[in-house]
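Before any comments, here is the structure.
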Amino acid sequence: MELKEKVAVVTGGGMGIGQAIATALAKEQAHVAIWDINLESAKETAAEIENLGQETLVCEADVSKAPAVDSATDQTLERFGHIDILINNAGITHPAVSILDLELEFLDKVSDVDLKGVYICSRRIGKEMVGRKSGVIVNISSITALVPVPLAVYAPIKSAVIMLTRILARDWAQKGVRVNAIAPGYILTPLLQGMFDKGLRNPDTILSHIPMKKFIMPSDIADAAIFLCSEKARFITGVTLPVDAGFSCEGGWKAYGYE
Ligand code: NAD
């Protein structure tokens, strides 16, 4: 229970990967503030955290808006006094189509949440952490930042998150603040399951490109996040940890006739 009594902020903690990370932190006996635009789902995660015996706080905050992030930070500091852990998880995506068919509006929409959001939250909470000379930030990037896929806005923005992670890690290396990223592969979230159910995606096609032939669960990303937040990772900063069941190792294996 290395994270006992630590105070964590999880952006987009109402659902999916963020919810799994928030509850995993609570299982490690951290107190967890959930910042989300969806108040209802954030409250559901908060109820789970309370059931685990930990304190929680829900802030309705759009991470792409600096005044909203300022307000959520003030509320969190007022409630807990300080912040030890920031999980920059809130993110949105867009249809997987050619750039020629992708509406231009996604350029602003996705970069606002997935990059600007990480920047604004890291800048605001990072200031508190640097002031206390203590803190850990984990940014949720994506394996699409490392392997080209038909996501012409989302993937380059997730690559930018990796570079921002390295820049902040270097900037704050002597200031007691570690900054790392996780690059999740295909995660079996309710969203992906819904796509399978509606016939929009084929699980067998996806699995044929995953060397371990298994889907990763949100709790697997939470396990990696807990490790990066822990003292066991005390000399790890500026890295991006793929949790992708081997997806980024696939390379040209099939071209040699191997399955
Ligand atoms: P999700 O859609 O299930 O949940 C996202 C959460 O973020 C929701 O609670 C939503 O309300 C919240 N949110 C959205 N916009 C927000 C904003 N502007 N401010 C605050 N909260 C906001 O998503 P997920 O699949 O759990 O993905 C979480 C993160 O993991 C994202 O950054 C995503 O890009 C990344 N990721 C997901 C997968 C995957 O397979 N699901 C793979 C790689 C990376």
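Overview of values
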{"read-out": "Angle in degrees between helix 66-80 and the longest Cα principal axis of the chain, rounded to the nearest 10", "value": "50"}
{"read-out": "Long-range amide H partners of residue 241 with built H, under 5 Å", "value": "181, 182, 183"}
{"read-out": "The chain, relative contact order [Cα under 8 Å, separation at least 6], %", "value": "18"}
{"read-out": "Contact order normalised by residue count of the stretch 147-242, Cα under 8 Å, 6+ apart, percent", "value": "42"}
{"read-out": "Gyration tensor over alpha-carbon atoms, the chain, equivalent ellipsoid semi-axes in Å", "value": "30, 19, 19"}
{"read-out": "For the stretch 38-81, alpha-carbon Rg relative to the globular expectation (2.2 N^0.38 Å, N residues)", "value": "1.22"}
{"read-out": "Amide H within-cut-off set for residue 30, under 5 Å, with H built and near neighbours excluded", "value": "5"}
{"read-out": "Order of 1, 15 under a 10 Å beta carbon neighbour criterion, fewest first", "value": "1, 15"}
{"read-out": "Computed over the stretch 116-216, Kirkwood Rh from alpha-carbon pairs, angstrom", "value": "15.5"}
{"read-out": "Fewest-first sequence of 168, 57 by Cβ atoms within 10 Å of each Cβ", "value": "57, 168"}
{"read-out": "Counting DSSP beta bridges with both ends in the chain, the antiparallel % (nearest 5)", "value": "0"}
{"read-out": "Radius 10 Å from Cβ of residue 59, net charge of other residues (Lys, Arg +1; Asp, Glu -1)", "value": "-2"}
{"read-out": "Residue 204/residue 65 FRET efficiency (R0 41 Å; Cβ-Cβ; nearest 0.05)", "value": "0.50"}
{"read-out": "Gyration tensor (Cα) of the stretch 161-259, equivalent ellipsoid semi-axes in angstrom", "value": "31, 17, 11"}
{"read-out": "Within-12-Å neighbourhood charge of residue 146 [Cβ basis; K, R +1; D, E -1]", "value": "-1"}
{"read-out": "Length added when fully stretched, residue 259-residue 195, from 0.36 nm per residue minus Cα-Cα", "value": "20.5 nm"}
{"read-out": "Listed residues 163, 195, 212, most fluctuating in the chain (Gaussian network, C-alpha, under 10 Å)", "value": "195"}
{"read-out": "Charge tally in the Cβ shell below 13 Å around residue 163, where Lys, Arg are +1 and Asp, Glu are -1, residue 163 excluded", "value": "+2"}
{"read-out": "R0 of 35 Å, Cβ-Cβ distance residue 234-residue 100: FRET efficiency to nearest 0.05", "value": "0.15"}
{"read-out": "Proxy reagent accessibility, fewest Cβ within 10 Å first, across 79, 178", "value": "79, 178"}
{"read-out": "Sparse-neighbourhood loop sites, GluC sites (Glu not before Pro) in the stretch 88-190 - DSSP loop, at most 16 other Cβ within 10 angstrom", "value": "103"}
{"read-out": "Cβ charges +1 (Lys, Arg) and -1 (Asp, Glu), total dipole of the stretch 209-259, debye", "value": "60"}
{"read-out": "Distance in nm between pseudo-label sites at residue 38 and residue 108 (7 Å out along the Cβ direction from Cα)", "value": "2.4"}
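Just so you know, all these numbers are worked out from the coordinates, no wet-lab data involved. Because the structure is predicted, anything quoted here is derived from the model rather than measured. Note that each Cβ is placed from the backbone with ideal geometry, even for glycine, and that neighbours are counted across all protein chains shown.
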